[in-house]
Amino acid sequence: MDNIKTDLLVIGAGSGGLSVAAGAAQMGADVTLLERHKMGGDCLNYGCVPSKALIQTAKVAHAMRHAAQYGVASVEPKVDYAAAMDHVHGVIANIAPHDSQERFEGLGVRVIREEGRFVNTDAVVETEKFRITARRVVLATGSRPFVPPIPGLDTVPYLTNETLWDLRELPAHLIVIGGGPIGMEMAQAHRRLGARVTVIEGQKALGKDDPEMSAIALDAIRGEGVEVIEGAQAARVAGSDGSITVETDDGRKIAGSHLLVAVGRKANTESLNLDAAGIGTTRTGIRVDKHLRTTNRKVYAIGDAAGGLQFTHVAGYHAGVVIRSTLFGLPAKAATSHIPWVTYTDPEVAHVGMTEAEAKKEWGANHEVARFDYEGNDRAQAERHTTGRVKVVVHNGKPVGASIVGHQAGEHISLWAFAISSGSKMKDVTGMVAPYPTYGELNKRAAGAYFSPKLFESEAVKRVVGLVQRWLP
Ligand SMILES: Cc1cc2nc3c(=O)[nH]c(=O)nc-3n(C[C@H](O)[C@H](O)[C@H](O)COP(=O)(O)OP(=O)(O)OC[C@H]3O[C@@H](n4cnc5c(N)ncnc54)[C@H](O)[C@@H]3O)c2cc1C
Ligand SMILES: NC(=O)c1ccc[n+]([C@@H]2O[C@H](COP(=O)([O-])OP(=O)(O)OC[C@H]3O[C@@H](n4cnc5c(N)ncnc54)[C@H](O)[C@@H]3O)[C@@H](O)[C@H]2O)c1
């Protein structure tokens, strides 16, 4: 076994690990990166990238069916599911060089394609061929699909986000267990590609979002023919290839051809031998403090493995935090109040900061809510994307949370993410001039809606205007 001494050992070459490795190597650190499977991790190979590529195919099919509203004859699209999956894999292949071993070696990172595990509390890590002693270790080992212990599930063929992309034929009737982002994105995409789809959700579909906003998306998704059963847990599964039945805890039986399990994630921690390094875990992942430091002072954990918000941009943000700590010794902290997320259904559902319910809990009545609907936006009218809403939660004149449901909601939430992270006030947003006609005007109009009652329904304002008008020459 060869010995390696390194400044920074990063375990896991997904969104988080790659960002740490690239940043640290380019700033002069000696960096070693371990990856036991595919470079790029979940997002590139099994998550964000394939799902968004398939959603685009589904959007094209949907647009063809609904072209008549724009004066172009609608047609029922001929979907070639295998070709759609080729498109998905083509997109992965186009992005892969950016995350590749070659690129990272070119940046000066020592890339080892092996699994790592701790051997002692001094944070020494061994692989099959190497014994690695590092000044600091960053655990970026990600997560995998959680497969719940539903009776019968282990006896039937089921899909997860790791295997879905290998399908070559469109499922006739896809049953999805779980109405979270994975479940709802894939349910709508498959419906648009021509499958019958039933989602079984134990509580509320899109339940992590403001219910007022997710209801708008769910109405649209149901309107396209996706059956979404809420408040019913999948309790039993039976069947065989092509014929699967899921029984819910309230006694319903749903029969379909394929089953997708999308009920959340499990952090990848088992293979790391964390006990040997004195690293504790929580119910959702590796235990970290606000600096993302584990219970071993030499070791940090980031991204999905850290068990908090599980998004690629969070893994990237965490990477910046641990680079500041490990390379510059700065007391950098990870916050969550400014982190946005988006579910890429159509309409998209986007959120950042506090929900109305959270603001009520924190401040009682001492908060305000402003809304503006897509119907009032001329660009949305021109493109017939009028289903949607912007909702902003305000405290002391500052936005503390925003949700957008609607066309390109994910693009437009960035303005509120910026406003919140920079501590901007609502008047900063109304002071901005947005080009006409853009969806971007929605945010300015929502900010305007916050001020309208103060301006247009105020007797004091009316008195001042009356006075000034009398004195103006
Ligand atoms: C279907 C789906 C769609 C998604 N869509 C989005 C989206 O649209 N937007 C978004 O922001 N997020 C999305 N996500 C979430 C996103 O994919 C994850 O949050 C992100 O990949 C987490 O990055 P990570 O670096 O923490 O982990 P990962 O990307 O999972 O990388 C971890 C890596 O560590 C390796 N590893 C594990 N253990 C070891 C070990 N002991 N030794 C060596 N290597 C090891 C693994 O092989 C893996 O490559 C989606 C997820 C799924 C499943
Ligand atoms: N657009 C995005 O950014 C995006 C897309 C996909 C995934 N992700 C990430 O991946 C994570 C995991 O996504 P997910 O959708 O698998 O998980 P999730 O935890 O967000 O949702 C899972 C859903 O399954 C339900 N559920 C659990 N057990 C059930 C049962 N037995 N029967 C019926 N319903 C059951 C839960 O109530 C929950 O609503 C997300 O939280 C997110 O962090 C992000």
- Note on the structure: Computed curve, the range 78-233, Cα-only Debye sum without solvent term, log₁₀ I(q)/I(0) at 0.16, 0.17, 0.20 Å⁻¹, is -1.02, -1.07, -1.24
- Using a cut-off of 18 Å between alpha-carbon atoms, which lysines can reach Lys129, once sequence neighbours fewer than 8 places away in the same chain are excluded? Lys5
- Message: What is the sum of charges, Lys and Arg at +1 and Asp and Glu at -1, for the other residues whose Cβ falls under 13 Å from the Cβ of Leu153?
- Response: -1
- Given all pairs of distinct Cα atoms, the range 153-263 yields a Kirkwood Rh in Å of 13.8
- Note on the structure: In whole Å, largest first, the alpha carbons of the chain cover along the principal axes 89, 57, 42
- Message: What value in Å³ per residue do you get for the convex hull of the alpha-carbon atoms in the range 347-456?
- Response: 94
- Considering only the range 18-156, what is the antiparallel percent among its DSSP beta bridges, to the nearest 5? 60
- Which whole-number percentage describes the relative contact order of the chain, with Cα contacts under 8 Å and a sequence gap of 6 or more? 13
- Determine the calculated [θ] at 222 nm for the chain from helices alone, applying -39500 (n - 2.57) to every DSSP H run no shorter than 4 residues and normalising by the residue count; nearest 500 deg cm²/dmol. -10500 deg cm²/dmol
- Query: Between the range 205-224 and the range 419-434, how many Å separate their Cα centres?
  - Reply: 28
- Ranked list, fewest to most other Cβ atoms within 10 Å of each Cβ, for His190, His62: His62, His190
- Item | Nearby aspartates and glutamates by direct alpha-carbon distance to Lys462 (threshold 13 angstrom, same-chain neighbours under 8 apart not counted) | none
- Taking Lys204 as the anchor, which lysines have their alpha carbon closer than 27 Å to its alpha carbon, excluding any fewer than eight residues away along the same chain? Lys52, Lys59, Lys253, Lys266, Lys360, Lys361, Lys391
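Rule-based calculations on the coordinates, nothing more; no lab input. The shown structure was predicted, so the numbers you read here are calculated from the model rather than taken from an experiment. FYI the Cβ positions are ideal-geometry reconstructions off the backbone, even for glycines, and counts take in every protein chain you see.
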